[in-house]
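*Asks:* If you scroll down you'll find the structure; I have some questions about it.
Each reported figure results from applying straightforward, stated rules to the coordinates on display, with no laboratory input. Just so we're clear, the structure is a prediction, and the values are computed from it rather than from any experiment. Note that each Cβ is placed from the backbone with ideal geometry, even for glycine, and that neighbours are counted across all protein chains shown.
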Amino acid sequence: MANQHSAAEEKKHHKHEGPKKHIIAFIFSILLTVIAFAMVAAGEINTTFIYFMLVLMAILQVFVQMGFWMHMKDRGHVFPIVGILSGVVIVFTIVIMAEYWAWW
Amino acid sequence: MSGHTHVDGHLPHEPEKATLEGRNKVLGFWLFLGGETVLFGTLFSAFLALRHQVGDGNPTPMELFDLKIVALATFILLTSSLTSVFAIQSMHTNKVKPMIWWLIITVLFGLAFLGLEIYEFYHYVHEGHKFSTSAFSTSFYTLVGFHGAHVFFGVLWISILIAQIFKKGLNVVTAPKVYVAGMYWHFIDVVWVFIFTVVYLMGKVG
C-alpha cells in the first residue's frame, strides 16, 4: 500500500501535520467552554436564551472535536459520518420520545 | 506485514492506515462509536425526562452542583484530548518516545479527572444525594457514572497499550491500536461536553 503513495502525496501529508491547527482547535474548544460556563455563572439572563446558547456551544464544540481531532473533515470519512449521523438521528428520536412519553 | 514498511525500515506516514486490517479496525471502531452514541443517548434521554423529579427535601441540582469543580474537570479532559492528539502526531512522524510520553500525560489527566469525579460523588452522598434518593439522583449517577466508567476503561486501555508499545515497538500492527484509542478518548471528551452542558450547566440554570 505504501507504494501507492506518491512522493508528492507524502509531502502533502507532511504539510497537513504540525500542531498548529490542533492548538487553534484547542483554544476554540476552551473558548466555547468558558463562554458556556460564564453565561451560567453570570446568571440573571433569560433562561430560554441560555439554553439555546448552551446547546449551540455544545454543537460547535462537537464540530471542533470530531472535525479536527477525530479527522472527520479529512477525505475518506464518508462512512464514519454516515455512521455517526445515523446514531445521532436515533438519539434525537429517543430523547424526544422519552420527554413526551414520560410527561405527556 | 513487514512488506508494508519502507525500504529504509521507517514506517509509512500514516501507519494506522497502511494495512487493510488497520483500515478495517478504524472503520469498525467508528461503528462501535455509533453504538456508543446511542447508548449514551438513551442515558441522556432518561436523565432529561427525570431530572426535575427531585422529591421533597432532597438537594436540587441548583443547590448541589459546584461549577468550579466541573469547570476544572472539563479543562482537564479537554487538555487530555489535546495531548492525545499530540501522541497521534508523534506517531505520524515516527517519534515513538514523544508518543509514549504524550500517552502517559493523557493517562495522568484521565486519572486526575477520575479523582475529581470520585471526590465530587463522595461530597454529594454526604449532602444526601445518594443513588436511590430520587429519580433525578439515579439518572444522574447512571449517566455521569457511566461516562466515568468509560474514562476509567480508557485509562486502563491506554496504559496497557503503552506497555505493549514498550514491548513490541511501533509498527503497522500496533499503530492502528493507538489511533483507535485516541479516537475513543476524543469520543469520551465529546460525551463530556454534553454532560457538562445538559447535566451541570442546564441544572444550574434550572
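*Asks:* From other protein chains only, count the Cβ atoms within 10 Å of every residue's Cβ in B:38-49, then give the mean.
*Replies:* Working: counts 8, 2, 2, 9, 5, 1, 4, 11, 4, 2, 6, 8.
So the per-residue partner count for this stretch is 5.
*Asks:* Under a point spin-label approximation (7 Å from Cα along Cα-to-Cβ), what is the A:Ile35-B:Ala149 distance to one decimal in nm?
*Replies:* It works out to 3.5 nm between the two label points.
*Asks:* What's the center-to-center distance, using Cα atoms, between the stretch B:44-116 and the stretch B:148-187 in Å?
*Replies:* So the separation of the two Cα centres works out to 17 Å.
*Asks:* Roughly how crowded by other chains is peptide B:85-98, in terms of the mean Cβ count from those chains within 10 Å of each of its Cβ atoms?
*Replies:* 2
*Asks:* In addition: Can you tell me the FRET efficiency between A:Tyr51 and A:Val89 if r is taken as the Cβ-Cβ distance and R0 is 30 Å, rounded to the nearest 0.05?
*Replies:* Taking R0 as 30 Å, the efficiency between A:Tyr51 and A:Val89 is 0.85.
*Asks:* Could you line up B:Trp185, B:Trp101, A:Trp101 from fewest to most neighbouring Cβ atoms inside 10 Å? Please list the in-between numbers first.
*Replies:* Working: B:Trp185 31, B:Trp101 16, A:Trp101 11.
So the ranking, lowest neighbour count to highest, is A:Trp101, B:Trp101, B:Trp185.
*Asks:* Related question: Restricting the calculation to Cα positions, tell me the Rg (one decimal) and the Dmax (whole number) of the stretch B:139-178 in Å.
*Replies:* That works out to 14.1, 43 Å for Rg and Dmax.
*Asks:* If packing is taken as the mean number of other Cβ atoms within 10 Å per residue, what is the order of B:124-134, B:102-112, B:172-182, highest first? Write down the numbers at each step before the final one.
*Replies:* Numbers: B:124-134: 15.4, B:102-112: 20.2, B:172-182: 21.9.
Ranking the peptides B:124-134, B:102-112, B:172-182 by packing returns B:172-182, B:102-112, B:124-134.
*Asks:* On to the next question. Across the residues of B:193-199, average count of Cβ atoms on other protein chains within 10 Å?
*Replies:* Shielding by partners across B:193-199 averages 6.
*Asks:* Given a cut-off of under 8 Å on Cα pairs at least six residues apart, what relative contact order in percent is computed for the stretch B:12-205?
*Replies:* 37 percent
*Asks:* If a/c stays under 1.5 just call it rounded; otherwise compare a/b with b/c (prolate if a/b is bigger, oblate if not). Do that for the protein assembly as shown, with a ≥ b ≥ c from the square roots of the Cα gyration tensor eigenvalues.
*Replies:* prolate
*Asks:* Suppose each label sits 7 Å from its Cα in the direction of the beta carbon; what would the A:Arg75-A:Lys21 distance come out to in nanometres?
*Replies:* That separation, rounded to one decimal, is 1.3 nm.
*Asks:* So what is the calculated 222 nm ellipticity per residue for the protein assembly as shown, using -39500 (n - 2.57) for each DSSP H run with n of 4 or more, over all residues, to the nearest 500 deg cm²/dmol?
*Replies:* So the helix-based figure for the protein assembly as shown works out to -25000 deg cm²/dmol.
*Asks:* Additional query: How large are Rg and Dmax for chain B when only the alpha carbon atoms are used, in Å?
*Replies:* Reported Rg and Dmax, both Å: 19.8, 72.
*Asks:* Then there is this: Going highest first, how would you order A:66-75, B:138-147 by mean Cβ packing within 10 Å?
*Replies:* The peptides rank, most packed first, as B:138-147, A:66-75.
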